[in-house]
Amino acid sequence: MRIGNMFLAATAAVALSATSLLAGSDRLSIDGQEMTTRAKAPDYTPNLDQVISGWVFRSEETQALELDDFDNPSFVFIDQANDLWNKVDGSEGKSCASCHDDVAEFKGLRTVLPRVVDGKLQTLEDIINSERVNRMGAEPWGYTSAPMAAMAALISLQSRGMPVQVKIDGDAAPFWERGKEIYYTRVGQLDLACANCHEDNYGKMIRADRLSQGQINGFPTYRLKNAKLNTVHARFKGCMKNVRAKPYKPGSDEFKALELYVASRGAGLSVESPSVRN
Amino acid sequence: MKRTSVLLAAAVLATAAQAAETSPGDVVFDNGAVSRSLTGVPGDPANGRKVFMNRKKGNCLACHANADMHDQLFHGEIGPTLDGVAGRYSEAELRGLLVNSKNTYEDTIMPAFYRADGFKRPLDKFKGKTILTAQEVEDVVAYLMTLK
């Protein structure tokens, strides 16, 4: 009897988690704010019907960590970023707070990044370093360093719940095309492109991991695997190394172009930063 | 004097071993299949089973389920299950699939396990190298042949 019940319960649990993945009980509400985790795919991604947040593909336990900021381990780093915001650094004797009243003034910025300014593709990390170097006279932070990830998370958080809407035409078009080319090019000894995993096989298990669409609407993201905030380019680098390819450098033109392209594949999804993944 | 001849003997032996082994560029395909053994040494199915599981070698479980390895917690879902695969393919076809499955399934996601060049941006430590050695390919083929 007992065994029979347990077996039934286990079967029901499996059935439930399968529907939660496939049948759209994938509602993410963070501290009461509703997130868009599925959106109609833009017409420039003909191989996708829907764009789907990486949150949808994670296990229930990992998903739960993103539901309120108290449980979300990223918020330790948000606290650190608030300290950095107020910390005087560099030859001008200034902090971010010396010139910006409130980080909330950057609401919406994350949704349009990367963007082209004066013919150059600019990421959030580029902006942060240019503020440090040009306005504070301080040393730039490493592109994927801890303070950079923390500050990028704090600024991205101001846009949480707003839809991703990067510009891909006009002066952004050549960068977007370059990013698309990288996305579909097979690389490394395993000879795989981003698209082989994240477009052709999302939703399927690759050994212990369920493949997502490789979206970046939740970055920087806290990973249980390394217990820290991870930047977009650090994640790209990891995926390239996994297929035994020589990664491009974080902050390189190639990764920035790829970031623009990947961001555009998530158009309409809510900014979820800082998200939690395994 | 003595040392030199030992060295020479070793060199001769090494060349002999290499001559018996087909290098990746010389593998002859017939419709995706490779009928000739890559080494001439019969494959060891027990080692083939290990190579199949090992994440740094075949890592076949990343993409394929295999009931023979039910003790392993995680099986991928990207390729077909390999249960009974020996009934679906001949030994030569399986060898061909392992050496370079793109000759059987164009555009497949399955990596070529015995191909050394033609890759874009390979990491330096894998440059010019195959994922599996010739004997490991033979061992995995021998293992797959046990999946009846």
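The values are calculated or read from the model by the stated rules, or taken from the named source; none is laboratory data. The shown structure was predicted, so the numbers you read here are calculated from the model rather than taken from an experiment. As a convention, Cβ positions derive from the backbone with ideal geometry for all residues, glycine included, and neighbour counts pool all protein chains shown. For accessibility, only protein heavy atoms count, side chains too; no ligands or nucleic acids. Shrake-Rupley method; radii C 1.70, N 1.55, O 1.52, S 1.80 Å.
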Could you please state how large a percent of the accessible area of the stretch A:75-157 is carbon and sulfur, counting protein chains only and using a 1.4 Å probe? 49 percent
Under a GNM of chain B (C-alpha, springs under 10 Å), which listed residue has the highest mean-square fluctuation: B:Gly96, B:Gly40, B:Gly58? B:Gly40
Name the residues whose placed amide hydrogens come within less than 5 Å of the amide hydrogen of A:Arg210, ignoring near sequence neighbours (fewer than 5 apart) on the same chain. none
Using θ = phi - 60° and the Karplus curve 6.51 cos²θ - 1.76 cosθ + 1.60, what whole-Hz ³J(HN,Hα) does each residue of the stretch A:217-227 get, with Gly and Pro shown as x? 5, x, 7, x, 10, 7, 10, 4, 4, 10, 6
Dimensions (Å) - the stretch A:119-172, Cα atoms, principal axes, largest first: 34, 29, 19
Could you give the nm distance between label points at A:Asp169 and A:Lys40, where each point is 7 Å from its Cα heading toward the beta carbon? 1.7 nm
Using a Gaussian network for chain B with springs between C-alpha atoms less than 10 Å apart, which of these wobbles most: B:Asp124, B:Asp30, B:Asp68? B:Asp124
What are the residues whose amide H is under 5 Å from the amide H of A:Leu121, where those residues sit 5 or more places off or on another chain and H is modelled from the backbone? none
Run the numbers for A:Ser252 and A:Val76: contour at 0.36 nm per residue of separation, minus the present Cα-Cα distance, in nm. 60.5 nm
Whole-Hz Karplus ³J(HN,Hα) for the stretch A:253-270, in order, using 6.51 cos²θ - 1.76 cosθ + 1.60 and θ = phi - 60°, x for Gly and Pro? 4, 5, 5, 5, 5, 4, 4, 4, 5, 5, 4, 5, 6, x, 4, x, 6, 6
Among DSSP beta bridges lying fully in the protein assembly as shown, give the percent that are antiparallel, nearest 5. 85 percent
A:Ala97-B:Ala46 pseudo-label distance in nm [points 7 Å out on the Cα-to-Cβ vector]: 6.8 nm
Please list 3J(HN,Hα) in residue order for the stretch A:182-199, calculated via the Karplus relation 6.51 cos²θ - 1.76 cosθ + 1.60 where θ = phi - 60°; whole Hz, with x for glycine and proline. 5, 4, 9, 8, 6, 9, x, 5, 7, 6, 10, 9, 3, 4, 4, 8, 8, 10
Under 5 Å from the placed amide H of A:Tyr222, counting only residues 5+ away or on other chains, we find A:Asn230, A:Ser275, A:Val276, A:Arg277
Where the centroid of each part is defined by its Cα atoms, how far is the stretch A:54-129 from the stretch A:162-201 in Å? 24 Å
Summing -39500 (n - 2.57) over the DSSP H runs of n ≥ 4 in chain A and dividing by its residue number, what mean residue ellipticity at 222 nm do you reach, to the nearest 500 deg cm²/dmol? -10500 deg cm²/dmol
Rounded if a/c under 1.5, otherwise prolate or oblate - the protein assembly as shown, Cα gyration tensor axes: prolate
